[in-house]
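Below you'll find the structure, written out as structure tokens, and then a few comments.
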Amino acid sequence: MYKLIAIDMDGTLLTEDKKITTKTKDAIKMASNLGVKIVLTTGRPIQGIKQYLEELNLTNKDDYVIALNGAFICRNDDYSILSSNETLTGKDLKYIYNKVKALKTYFHAFTKDEDLVDKKSKFSVAEEKRINLKVRVVNFLGEIKDDDEILKVVLEEEKNVLDEITDKIPKELFEKYTVIRSVDFMLEFMKKGCNKASGIEKLAQYLGIRREEIIAIGDAGNDKEMIQYAGLGVAMENAEDEIKNMADFITKSNEEDGVSYVIDKFILAKRSNEAKLKVKS
């Protein structure tokens, strides 16, 4: 019996226009009413998740969210932090910045309250809208302290540009940090070992839920570890081939209520069959 569903947002829960369909909302509500934990598990910061948690009515004290690719686990009623030990420091930010600044990409770093940049660009407005977090221009080398808490560092460019420059990034960065490409236009740097699976594992231990009782649903590179970790790893039809190849099950696309399809098949249908067997007995 599955007791927790970890759901990625962009490309999974959300349609291309960043909406949650009525069918998916209804399926999530029914699963939640059965006692299944619905945990949005995303690369977004908390500010970019709140409106969706409210929309799904996942705002009770026993509801949780995993943000910034596992760096944060929060309670949804007051967004207090259950776990946050997987973060970078200002020293890491400056080290990464010095290694990649010659590439002249849009470079930004997340703190709990802000999105820090060395200069604004065409990406700034889009990012503010997408994640509901204000962008502030700072001098990374002069204003950031070595012990400042930095949640993650991001290089952002058009897909073709990022494709071209990725091979130019120093290899030591890939060795020193967890580096993932969560969407086509973003390359993210996080503390080594920080990923969605580590966040799910910590939350599951806290809730007393076993690995085999977990479903994880995703579509991109930052979902790889959680799909491998979960008892049932699910890839969206629109997922990258690598993610599909490692998944236990491939559901419909994010435009075809793929999350709802998983809940219907592995939660609602199974509970219905169990109820029928009890009646017969």
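The values are calculated or read from the model by the stated rules, or taken from the named source; none is laboratory data. From a predicted model like this one, the values you see are computed outputs, not experimental measurements. We place every Cβ from the backbone using ideal geometry, glycine too, and count neighbours over all the protein chains shown.
Structure notes:
- Once segment 141-159 is narrowed to residues that are of a type in the set (D, E, K, R), within 25 Å of Arg130 (Cα to Cα) and in contact with a Gly (Cβ under 9 Å, 6 or more places away or on another chain), the residue that is surrounded by the fewest Cβ atoms within 10 Å (Cβ to Cβ) is Glu149.
- Candidates Ile263, Ile250, Ile209: the one that is more than 28 Å from Thr87 (Cα to Cα) and in contact with a Lys or Arg (Cβ under 9 Å, 6 or more places away or on another chain) is Ile250.
The rows are residues; the columns are (1) in contact with a His (Cβ under 7 Å, 6 or more places away or on another chain); (2) touching a residue at least 24 places away in the same chain (Cβ under 8 Å); (3) not in a strand (DSSP E or B).
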{"residue": "Leu162", "(1), (2), (3)": "no, yes, yes"}
{"residue": "Asp167", "(1), (2), (3)": "no, no, yes"}
{"residue": "Glu172", "(1), (2), (3)": "no, yes, yes"}
{"residue": "Ile180", "(1), (2), (3)": "no, yes, no"}
{"residue": "Met190", "(1), (2), (3)": "no, yes, no"}
{"residue": "Glu201", "(1), (2), (3)": "no, yes, yes"}
{"residue": "Glu212", "(1), (2), (3)": "no, no, yes"}
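- Every pair of residues 6+ apart whose Cβ atoms lie under 6 Å, when the first sits in segment 45-61 and is closer than 24 Å to Val153 by Cβ while the second is among the β-branched types (Val, Ile, Thr) and modelled with pLDDT of 90 or more: Ile49/Val65
- Conditions (1) charged (D, E, K, R); (2) touching a helix residue (DSSP H, G or I) at 6+ places or on another chain (Cβ under 8 Å); (3) surrounded by 16 or more Cβ atoms within 10 Å (Cβ to Cβ); (4) not assigned by TED's automatic domain parsing to the domain that holds Ile263: number failed by Lys37: (4)
- When residues of segment 109-126 are limited to those that are assigned to a loop (DSSP other than H, G, I, E, B) and under 16 Å from Asn139 (Cβ atoms), the one modelled with the lowest pLDDT: Lys120
- A single entry from Glu274, Glu240 fulfils the requirement of being under 16 Å from Tyr2 (Cα atoms) and either modelled with pLDDT under 95 or of a type in the set (Gly, Ala, Ser) (or both): Glu274.
- The combined condition, being of a type outside the set (S, T, N, Q) and surrounded by fewer than 22 Cβ atoms within 10 Å (Cβ to Cβ), is fulfilled by Leu82.
- Among (1) among the hydrophobic types (A, V, I, L, M, F, W, C); (2) closer than 16 Å to Gly221 by Cβ; (3) at pLDDT 90 or above; (4) out of contact with any His (no Cβ under 6 Å at 6 or more places or on another chain), the one test that Phe140 misses: (2)
- Residue match in segment 162-171 (condition: within 19 Å of the chain's Cα centre (by Cα) and not assigned by TED's automatic domain parsing to the domain that holds Ser198): no
- Residue tally, condition among the hydroxyl-bearing types (Ser, Thr, Tyr), assigned to a loop (DSSP other than H, G, I, E, B) and free of Cβ contacts under 8 Å to residues at least 24 places away in the same chain, over segment 243-273: 1
- Number of the condition not met by Glu55 [criteria: (1) buried (at least 23 other Cβ atoms within 10 Å of the Cβ); (2) at pLDDT 95 or above; (3) charged (D, E, K, R)]: (1)
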